[in-house]
Every structure is written in structure tokens, then in C-alpha cells.
1. Which residue out of B:Val111, B:Val88 is touching a residue at least 40 places away in the same chain (Cβ under 8 Å), within 14 Å of chain A (Cβ to nearest Cβ) and either in contact with a strand residue (DSSP E or B) (Cβ under 8 Å, 6 or more places away or on another chain) or surrounded by 21 or more Cβ atoms within 10 Å (Cβ to Cβ) (or both)?
2. How about the stretch A:43-112: which strands (runs of 3 or more DSSP E) wholly inside it have at least 3 residues that are away from chain B (no Cβ under 14 Å)?
3. Can you tell me which residue in the stretch B:22-47 is nearest to B:Ser97 (Cα to Cα), limited to those that are in contact with an Asp or Glu (Cβ under 6 Å, 6 or more places away or on another chain) and at pLDDT below 95?
4. Output yes when any residue across the stretch B:11-24 is within 14 Å of chain A (Cβ to nearest Cβ), loosely packed, with under 15 Cβ neighbours inside 10 Å and on the phi > 0 side of the Ramachandran plot, and no when none is.
5. If you go through the stretch B:53-67 one residue at a time, how many are away from chain A (no Cβ under 11 Å) and assigned to a loop (DSSP other than H, G, I, E, B)?
6. Taking into account only those residues within the stretch A:6-22 that are within 14 Å of another protein chain (Cβ to nearest Cβ) and part of a strand (DSSP E or B), which is surrounded by the most Cβ atoms within 10 Å (Cβ to Cβ)?
7. Hey, among the residues in the stretch A:23-42 that are in a loop (DSSP other than H, G, I, E, B) and more than 25 Å from B:Ser87 (Cβ to Cβ), which one's nearest to the other protein chains (Cβ to nearest Cβ)?
8. Among the residues of the stretch B:27-39, write down those that are out of contact with any His (no Cβ under 6 Å at 6 or more places or on another chain) and surrounded by 13 or more Cβ atoms within 10 Å (Cβ to Cβ).
Amino acid sequence: TQLLEQSPQFLSIQEGENLTVYCNSSSVFSSLQWYRQEPGEGPVLLVTVVTGGEVKKLKRLTFQFGDARKDSSLHITAAQPGDTGLYLCAGASRPGAQKLVFGQGTRLTINP
Amino acid sequence: NAGVTQTPKFQVLKTGQSMTLQCAQDMNHEYMSWYRQDPGMGLRLIHYSVGAGITDQGEVPNGYNVSRSTTEDFPLRLLSAAPSQTSVYFCASMRRSVNTIYFGEGSWLTVV
């Protein structure tokens, strides 16, 4: 059974600080995705990384896929209150796989 | 611009009652899924379908039934509600060969 462990589970920081969220596994994934979920809504896809070592940037968010395709990180620079939410990573065992494995999530709070 | 639509948004059931959570998507996606989300446990797959007439069990299928008579609709039935089924339920759809999942807004279910 493939598992994804996210850390930390909770993070509360001040506006303007930087932070990194990790998503780790002992299994190899074909791709990893990051979702953000706001209260009362479903998760929304932020990015998909598919190549080992790949780095993708989305404004102040930087996503990296580990070289061995077993882990990923999300780094936020100069966090803003609008970044507050639940961040979920999800892995696919093969391209086009419908059954994604989700991490337990990181609840991020950015205080003004 | 509907995407994935779930109803109802909120529901309170008594132990032993049955109910159906409705899900419809208008994107002509082949794959549809139901997840439940509980604190600290991320998203867990209940049942999924790769196309009309085809369904399969996910990680936590006990106590739930599904059917897929059309491409658009994927209802989730709780046969005899139990307090352990108190959760937030998300319906999702995905196009075959593309790992991007589109989630509904969620259904909050409380079983007393």
C-alpha cells in the first residue's frame, strides 16, 4: 500500500515569512500533485509534477519533485493571509491512474 | 460552468437511516469517485467508476453503495447510517489519462 506522509500537519506563521511543506513516501510515484482546499470547498489542483527533480513555480509557490520520485515539497515565499488553507499532496502510481493516494494534509494559517 | 455538483450540502441522519448523496458532472469525464475527508486523515477513496456501468471499491467501501447508470451521474448510497459515517464527502471526476481531479464542493453529513 502506497502512503504519503505530509509534514507538518499544522503550521501557523506571520505574514511575510517563508515556509516549506513536505510530502514523503517510501514508494515511487508516476506523478505528484498539490491541491489547496479552502473552508467549505473542495480541493483545487495547484500543480502536477511528473519528472524526478522537476521544479515548478506558481507566483510565490515553488514545487519540487524529488529525484527518486518518492517525495515532493512546497515552498511559499513571503506568505500572505490569502495563502491560508489546507494543502494536500496526492500521488499517482502510474500515468492516468484514477486512484490517487492522498497525504493527510497540512493546515496552514498565515497571520496578518 | 457547473463542473461537479453535489447535493445535499448538509444532512443530519439518525443511526440506521438510509440516504443518497447525489453527484453530477457536465464535463463528460470517464472517471468518477467518492471520497470522505476526516480530520487528520486526508481524503480516502470510498468507491470509484471508470465508466458507465462499471464501479469498484476503494479504500473504505463498507456501508456504502454506488451505481453508474450514466456518464454524468454517480450517486453514493448509505445503506444504514452509523455515527462512524459522520464526515465530509466529496465527489470527483477526472478525464481518462489525465491525472487532474475536479472535486465537488462537498456534502457535510452528521449521523446522530
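The values are calculated or read from the model by the stated rules, or taken from the named source; none is laboratory data. These numbers come from a predicted model, not from an experiment. Heads up, the Cβs are rebuilt from the backbone with ideal geometry, glycines too, and the neighbour counts pull from every protein chain shown.
1. Just a single option satisfies the conditions, and that option is B:Val88.
2. A:55-58, A:61-65, A:71-76, A:106-111
3. Result: B:Leu45.
4. No; the residues of the stretch B:11-24 include none that is within 14 Å of chain A (Cβ to nearest Cβ), loosely packed, with under 15 Cβ neighbours inside 10 Å and on the phi > 0 side of the Ramachandran plot.
5. Looking only at that region, the number is 6.
6. Checked the stretch A:6-22; the qualifying residue surrounded by the most Cβ atoms within 10 Å (Cβ to Cβ) is A:Val21.
7. Per the stated criteria, the residue is A:Ser30.
8. B:Met27, B:His29, B:Glu30, B:Tyr31, B:Met32, B:Ser33, B:Tyr35, B:Arg36, B:Gln37, B:Asp38 - these are the residues of the stretch B:27-39 that are out of contact with any His (no Cβ under 6 Å at 6 or more places or on another chain) and surrounded by 13 or more Cβ atoms within 10 Å (Cβ to Cβ).
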